[in-house]
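The values are calculated or read from the model by the stated rules, or taken from the named source; none is laboratory data. Computed from a predicted structure; not experimentally measured. Neighbour counts run over all protein chains shown; Cβ positions are idealised from the backbone, glycine included. To get the accessible areas, we keep the full protein, side chains included, count just its heavy atoms, and leave off ligands, DNA and RNA. Shrake-Rupley method; radii C 1.70, N 1.55, O 1.52, S 1.80 Å.
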Amino acid sequence: PSPSSAGQAPNPPDGGWGWVVVFGAFISIGFAYAFPKGIAIFFKEIQDFFGTSYGEIAWISSIMLATTYGAGPISSILVNRYGSRPVVIFGGLLCGIGMVSAAFCTSILQLYICVGFITGFGLALNLQPSVIIIGKYFLKRRPIANGLAMAGSPVMLCTLAPLNQFLFDNFGWRGSFLILGAILLHCCVAGALFRPIGATTATIKNQAIEEGKETPKEEVTKDDMEMSSPTNIPMETKTEEEGEKDCCEKINQYLDFSLFKHRGFLIYLIGNVLMFLGFFAPIVFLAPYAKHIGIDEYSAALLLSILAIVDMIARPTTGIIANSKWVRPRIQYFFSFAIAFNGACHLLCPLASGYTGLVVYSVFFGLAFGMVCAMLFETLMDLVGAARFTSAVGLVTIAECCTILLGPPIGGTLIDTFGDYKYMFIKCGAVMVLAGTFLFIMNYYNYRMLAKEEKERKAKEEDPKLLRTENEGRNNWNKEASQDGPELEPLREEQGLKKEVNGT
């Protein structure tokens with residue numbers, strides 16, 4: 001950094017090396033989302049090899065998805081402590097080890113452990129850090145960056161489907177798992193691209209101390225405290241007092257449980273937990289439903305390819321739209337519409353009796369699915385702000401893993417009970433429409449409350465009885481900011497009152 005920038009935390013560059021980081025996140029997020037779906041091509045041979053039922057085999061993907069989401073808090077703690085780069089590299093190693101070990105499994109239980117838990121945990125260490133570091137590199141262009149990174153999921157799904165079929169035909173499921181383990185090591189390369197944006201913290205600190213004449217001593221101390229906060233890339237975080245803290249205090253240092261008092265966060269959490277009850281089941285049962293109505297296997301598989309291609313286009317396009325000046329100030333409404341639109345597609349799916357109808361359904365489903373995924377994390381950061389986003393991602397994913405794990409089995413139970421797939425699609429559609437409606441109504445209430453609270457704050461600041469001196473008024477503002485900070489963050493960001501420290 002130049003001498004003039006000494007003592008100041010780096011701002012999000014909104015470009016430059018950030019686009020390389022987006023490419024790395026594209027790979028990591030793509031594997032995290034697409035791999036549990038693409039691996040299903042081996043299930044039939046594994047089922048015959050071990051003599052198990054389809055339900056037992058399907059638990060492999062369910063356990064992997066649930067572990068990927070459920071390990072969110074652990075991933076967030078590791079990112080806060082060590083940074084995104086080492087966490088993603090370690091996650092890539094775990095993915096490779098899990099798949100290579102799975103090639104030597106002799107029971108379905110061992111596959112649950114190697115593929116479900118070990119590989120799933122490795123994918124969790126790829127997902128959260130990739131989303132978090134984009135928030136540190138981008139501010140103005142963050143929706144576009146998130147949309148491009150999230151496009152990795154459909155791209156990887158389109159790539160893994162034919163690749164897995166090729167590997168299966170030539171090497172069987174054991175040989176394929178060995179090769180896939182090696183392919184997943186590319187996540188380590190993606191993690192190496194995640195250069196810490198706060199890596200020059202120590203240099204800035206030393207320069208600020210050397211230029212003590214130009215920089216007041218109190219200001220340097222304040223900057224040092226802000227830069228060493230647990231929400232940033234830590235340089236030297238161990239102190240003597242830390243050893244005296246109990247376990248709960250240490251966990252709370254990295255996971256901000258005060259978010260459960262945050263109105264916007266609670267609205268987002270409830271809506272998303274409800275949404276995931278019907279989010280993944282339609283993808284899992286789309287090809288079986290096509291076969292059920294008499295469509296051949298290759299045409300049924302093509303429906304997933306059509307869905308993935310449309311999804312691939314929809315995610316960056318949604319990011320561009322969400323970044324526009326008309327949509328971004330009220331991006332929560334756009335997110336609510338995308339969820340309700342997704343549910344409406346599922347409700348209309350039973351009307352598609354032929355292959356042409358399923359193709360149309362796949363196109364609209366891919367569009368709606370891409371819209372939701374592109375804004376899934378952007379809307380959360382819009383609510384809680386970049387400073388608390390790391391903790392928010394961890395807390396949200398641990399809550400979502402339960403409904404992610406239960407969604408497909410509940411859909412399968414409905415199919416077994418009624419002998420018809422339409423009840424599964426109706427259930428998923430109704431749940432998602434309900435979730436979208438809930439988020440729309442509650443976000444409208446949240447925006448109204450934020451405007452009211454901001455108006456009351458301005459009224460207090462303008463009252464001469466409350467502001468006797470300039471210093472006293474400054475203290476009142478700091479006190480109110482510490483109490484309500486994240487609730488008013490979207491408004492402060494628009495007014496230019498938000499201070500960026502290491503991208504937070």
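Can you find even one residue in the stretch 404-421 that is in contact (Cβ under 8 Å) with a residue 12 or more places away in the chain and polar (S, T, N, Q)? Don't jump to the end; show me each part of the working.
Going residue by residue through the stretch 404-421, those that are in contact (Cβ under 8 Å) with a residue 12 or more places away in the chain are 404-412, 414-415, 421.
From the residues that got through so far, the ones that are polar (S, T, N, Q) too are none.
Among the residues of the stretch 404-421, not one is in contact (Cβ under 8 Å) with a residue 12 or more places away in the chain and polar (S, T, N, Q), which makes the answer no.
Picking from THR417, THR437, which residue would you name as being surrounded by fewer than 12 Cβ atoms within 10 Å (Cβ to Cβ), assigned by the TED database to the domain that holds PRO350 and of a type in the set (Val, Ile, Thr)?
On the way: THR437 fails: surrounded by fewer than 12 Cβ atoms within 10 Å (Cβ to Cβ).
Being surrounded by fewer than 12 Cβ atoms within 10 Å (Cβ to Cβ), assigned by the TED database to the domain that holds PRO350 and of a type in the set (Val, Ile, Thr) holds for just one of THR417, THR437, which is THR417.
Go through (1) in contact with a Lys or Arg (Cβ under 8 Å, 6 or more places away or on another chain); (2) modelled with pLDDT under 50 for THR239 and report which single condition fails.
If we test THR239 against (1) in contact with a Lys or Arg (Cβ under 8 Å, 6 or more places away or on another chain); (2) modelled with pLDDT under 50, just (1) comes out false.
What are the residues in the stretch 321-355 that are of a type in the set (A, V, I, L, M, F, W, C), open to solvent by less than 70 Å² (accessible area, probe 1.4 Å) and under 23 Å from the mean Cα position of the chain (by Cα), if any?
ALA322, VAL327, ILE331, PHE334, PHE335, ALA338, ILE339, ALA340, PHE341
Taking the criterion of being within 21 Å of ALA340 (Cα to Cα) and either part of a helix (DSSP H, G or I) or hydrophobic (A, V, I, L, M, F, W, C) (or both), would at least one residue in the stretch 412-419 satisfy it?
no
In this structure, is THR318 surrounded by fewer than 16 Cβ atoms within 10 Å (Cβ to Cβ) and either among the aliphatic types (A, V, I, L, M) or in a helix (DSSP H, G or I) (or both)? Let's see the steps before the verdict.
Details: surrounded by fewer than 16 Cβ atoms within 10 Å (Cβ to Cβ): no; either among the aliphatic types (A, V, I, L, M) or in a helix (DSSP H, G or I) (or both): yes.
Against the criterion (surrounded by fewer than 16 Cβ atoms within 10 Å (Cβ to Cβ) and either among the aliphatic types (A, V, I, L, M) or in a helix (DSSP H, G or I) (or both)), THR318 does not qualify.
Taking interchain pairs and intrachain pairs at least six residues apart, which have beta carbon atoms under 6 angstrom, with the first residue in the stretch 169-182 and assigned to a helix (DSSP H, G or I) and the second among the β-branched types (Val, Ile, Thr) and open to solvent by less than 50 Å² (accessible area, probe 1.4 Å)?
TRP173/ILE46
Listed here are the residues, each with its yes/no results for (1) part of a helix (DSSP H, G or I); (2) among the hydrophobic types (A, V, I, L, M, F, W, C).
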| residue | (1), (2) |
| --- | --- |
| SER336 | yes, no |
| CYS345 | yes, yes |
| SER353 | no, no |
| LEU358 | yes, yes |
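Pick from the stretch 375-391 the residues that are farther than 12 Å from GLY135 by Cβ and at pLDDT 80 or above: which of them is farthest from the chain's Cα centre (by Cα)? Full working, then the answer.
Step one: list which residues in the stretch 375-391 are farther than 12 Å from GLY135 by Cβ, which gives 375-376, 379, 383, 391.
Now narrow it down to the ones that are at pLDDT 80 or above: 375-376, 379, 383.
Values: MET375: 9, LEU376: 7, THR379: 10, LEU383: 14 Å.
If we take residues in the stretch 375-391 being farther than 12 Å from GLY135 by Cβ and at pLDDT 80 or above, then LEU383 is farthest from the chain's Cα centre (by Cα).
For TYR69, which of the numbered conditions (1) surrounded by fewer than 23 Cβ atoms within 10 Å (Cβ to Cβ); (2) assigned to a helix (DSSP H, G or I) fails to hold?
Single failed check for TYR69: (1).
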